[in-house]
Each structure stands twice: as C-alpha cells, then as structure tokens.
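Remarks on the structure that follows.
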Amino acid sequence: MGGLIGGPRTVLPMTHSASFDSLTLRRTLGAFTTGVTVVTLVDDAGRWQGLTVNSFNSVSLNPPLILWSLGLGTPGFEAFQNAERFVVNILAADQVAVSQRFATSIADKFAGIPVRRGLGGAPLLEGCVAALECCTETLYPGGDHIIFIGRVERLHHDPERPPLLYYQGRYREIGQVVQEEAE
Ligand SMILES: Cc1cc2nc3c(=O)[nH]c(=O)nc-3n(C[C@H](O)[C@H](O)[C@H](O)COP(=O)(O)O)c2cc1C
C-alpha cells in the first residue's frame, strides 16, 4: 500500500466549504449514539481536572490505543494538553448527574464524588462501568479540537453495570437487544 500515514495529513484543500450550518452538523452527528465518559487527570499543580467527553473511541488493539478530542476553548485546556497521563471513566446509566457535573465549569467538580487514585495519582471515579488508565501518546490538530491518542496501561471493568448512552443531545439507557449473541 503506497503512502502509509506516518503523521497528520490534510486531505481536503483549504478552500473546501461545507453546504450545511453547524447546527445541522451537530444534529446529524447526534444521530450517532455514544457512551459518556469523564476524562480525568492530575494537573502540573497537583489538582484534579475532569471533563465530560463523548468523542471517545477505540483506535488500536496492539498497541492498545484510544482517542478522544478536546475543544480548543475548553476551560483548563492547557492542563489536558500538558498531562502525561489521563483516565477515561466510562459512565454507568445511573451517573447522569456525574456527567452533568463534569460538563460545567464549577469550581470543584470532584466535591462529593467518590474517587480512588490510579497510576500517577490520576483520579478514578467510583461507580463507573469501566476505566482506562492511559498515557498520552500523540496529540493531533483537528480543526477547533485537538485529538488525543492515549496508550492504555491499565483497565478496570464491571460488566454487570449498564452504561449511560447519549443520543440526539439526551441521556439514554440501553433498550432492546435486536440480535441475540452471535455464534
Ligand atoms: C455528553 C457530553 C459530551 C461531551 N463531549 C465533549 C468532548 O468530546 N470534547 C469536548 O471538548 N467537550 C465535550 N463536552 C463539553 C464539555 O464537557 C464541557 O461541557 C465544555 O467544555 C464546556 O465547559 P464550560 O461550561 O466549562 O465552558 C461534552 C459535553 C457533554 C454534556
């Protein structure tokens, strides 16, 4: 295969213009159902930081890589950009309030939230479906966001807990199974 990607590459010419407005784009992207995560870390001053994120996805199994993206205007942006490690906490269906808390810019997002310390002291939120302890592998520019690639170092998973879902701007729970387990 020619031209294996070794670094970020711009495919579209800079003059490319969209035929839709950003509200239409948001609504269309909202048709893609996601889980909800809170990305947490310890900043350079030793303070805990956290942000609700649904741009999380898997990238690679070997090496184990994941991604998420962060808006350039996000309060505390620098702390995330500088962090050597972070935790992706995958929220459970009963954690809507946790998601809302970490999606606002209140002073102490962690007040009253049960937490235990992971690698490097990074906070793991209690009660989640899963948590991935990552070190920051690569940062890529992505328009008005920056894309984080993280290398997963340690996993936690409670398969008994149902996950929180996000669809068309609203929180949901898993509904019907439309196909029984594949053979
Ligand atoms: C369900 C949900 C998913 C979100 N996903 C992301 C995301 O992937 N990346 C991001 O930068 N902000 C995301 N946000 C927004 C941030 O959590 C936060 O609300 C935003 O940075 C505004 O914070 P502010 O109120 O402090 O300005 C999401 C918010 C919600 C509610």
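Every read-out reported here was derived from the displayed coordinates using simple, explicitly stated rules and does not represent laboratory data. Please read these numbers as outputs of a predicted model, since none were measured by experiment. As a convention, Cβ positions derive from the backbone with ideal geometry for all residues, glycine included, and neighbour counts pool all protein chains shown.
Annotations
- Here Glu181 and His157 are evaluated by their C-beta separation; at R0 = 22 Å the FRET efficiency comes out at 0.75.
- Ranking of Phe56, Phe102 by count of other Cβ atoms within 10 Å, fewest first: Phe56, Phe102
- When Arg117, Arg172, Arg101 are arranged by Cβ crowding within 10 Å, least crowded first, meaning fewest neighbours, the order is Arg117, Arg172, Arg101.
- When each of Thr104, Thr34 is scored by the number of other beta-carbon atoms lying within 10 Å, the sequence from fewest to most is Thr104, Thr34.
- HN-Hα J in Hz across the range 89-103 - Karplus 6.51, -1.76, 1.60, θ = phi - 60°, x for Gly and Pro: 9, 8, 6, 8, 4, 8, 10, 4, 5, 5, 4, 5, 4, 7, 9
- The chain, dipole about Cα centre (Lys/Arg Cβ +1, Asp/Glu Cβ -1), debye to the nearest 20: 360 debye
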